[in-house]
Structures are given as structure tokens and as C-alpha cells.
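The values are calculated or read from the model by the stated rules, or taken from the named source; none is laboratory data. Every value quoted in this text rests on a predicted model; they were computed, and no experiment measured them. In this analysis, Cβ positions are derived from the backbone assuming ideal geometry, glycine residues included, and neighbour counts consider all displayed protein chains. We work out accessible area using only protein heavy atoms, side chains counted, and drop any ligands, DNA or RNA first. Shrake-Rupley method; radii C 1.70, N 1.55, O 1.52, S 1.80 Å.
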Amino acid sequence: MSSNPNGTVQWTNSPDWKVYTSQPVSCGPGWYEYGSSCYIVETTVTSTWQTARDDCAALGAHLAVITDAAENTFIVNLLTSLNIGFPVFWLGGNDMDVEGTYVWETAELFVFSAYSPTSIHGIDRNCINIIPSQGWYDDDCTLFLYHVCERNSG
């Protein structure tokens with residue numbers, strides 16, 4: 001940027017300039033990229049697990065599926081950075097069909113978990129949520145919580 005003597009400002013373009021954004025262009029505004037996925041966090045309204053699932057589908061996404069420790073760390077750090085007063089978020093796992101047999105709504109194998117040591121599993125607790133400072137919980141699917149949606153970044 002340069003200023004002329006008459007006070008007008010002129011923007012200059014330099015091939016040496018680099019533009020950095022806090023959110024990758026491939027994901028779009030409000031989305032956060034990790035690996036080959038984009039994530040968006042709903043923090044304005046709480047909903048049941050099924051409604052959260054429908055909300056994600058309306059965005060061309062699904063409730064977040066966490067398949068390894070690194071992805072879990074990314075999600076925990078993302079949710080922690082949002083500074084939410086009641087930080088409990090739905091994820092895309094459940095054991096609705098067979099009690100104790102967890103599945104991701106995307107049909108990806110359930111090979112990783114980060115359950116809190118205080119998580120209680122039971123017949124009336126079928127949907128997975130996450131409290132970033134504690135871990136995952138198996139809870140009543142009709143609770144009203146925030147949620148995390150995920151979609152492919154490509």
C-alpha cells in the first residue's frame with residue numbers, strides 16, 4: 001500500500017506476497033480442516049442426537065467420526081478453543097442396534113475410542129458424546145447437546 005501526496009491510497013500487488021487464512025478455502029467459512037475432512041461445530045442451538053444427525057446431513061455432512069488418537073486430539077483442541085460454557089457435543093457413534101456394539105453412522109469400523117473412565121454404559125444410553133476435558137460418554141440420545149459435523153474436504 002502506498003500513499004500519494006494528495007492523500008489517496010493505492011494498493012499494490014506484489015508476486016512475493018503470501019496470503020494466509022485461518023480456515024482453508026477447501027472447507028469454506030466456518031469449517032475447520034484436518035486430514036481429508038472438514039468439521040463444523042454447532043454451538044448456537046442444542047439438539048437430540050437424531051436432530052443433530054439430520055442437521056449435519058442438511059450440510060452434506062455427518063456427525064463426526066473419530067477413528068484415531070490424532071483425530072481425537074484435533075477435535076478436543078478445536079472444541080476447547082471455542083470456550084463453550086457447557087461443552088458437550090454429539091459424535092456419530094451409537095449402539096442402538098446391539099447394546100455394547102458401537103458403530104459409526106458412516107459404517108467405518110469402530111476401532112478407536114476415548115471413553116472417559118466415568119462413562120456409564122447401559123440400555124438407555126446409546127449415543128456417543130464428547131466432553132473435551134474428559135472424554136467420550138455413552139448417553140441418552142434424547143439429551144439436547146451441541147454437535148460436530150464432518151464431511152470430506154475434497
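So if I check each of 118, 101, which one is of a type in the set (Ser, Thr, Tyr), without any contact (Cβ under 8 Å) to a residue 40 or more places away in the chain, farther than 15 Å from residue 147 by Cα and open to solvent by 80 Å² or more (accessible area, probe 1.4 Å)? Just a single option satisfies the conditions, and that option is 118.
Apart from one condition, residue 90 fits all of (1) in a loop (DSSP other than H, G, I, E, B); (2) open to solvent by less than 80 Å² (accessible area, probe 1.4 Å); (3) in contact (Cβ under 8 Å) with a residue 40 or more places away in the chain; the exception is (1).
So that you can scan it fast, the table gives a plain yes or no per residue for (1) modelled with pLDDT of 95 or more; (2) under 17 Å from residue 141 (Cα atoms):
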position: 53; (1), (2): yes, yes
position: 63; (1), (2): yes, yes
position: 82; (1), (2): no, no
position: 98; (1), (2): no, yes
position: 120; (1), (2): no, yes
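Filtering region 65-76 for residues that are within 13 Å of residue 127 (Cβ to Cβ), open to solvent by less than 10 Å² (accessible area, probe 1.4 Å) and in contact with a helix residue (DSSP H, G or I) (Cβ under 7 Å, 6 or more places away or on another chain) leaves an empty set.
Selection of region 101-145 for residues being within 15 Å of the chain's Cα centre (by Cα), over 21 Å from residue 83 (Cβ atoms) and outside any loop (DSSP other than H, G, I, E, B) yields 104, 128.
State yes or no: is residue 81 of a type outside the set (Lys, Arg), in contact with a helix residue (DSSP H, G or I) (Cβ under 8 Å, 6 or more places away or on another chain) and open to solvent by 50 Å² or more (accessible area, probe 1.4 Å)? Answer is no for this residue.
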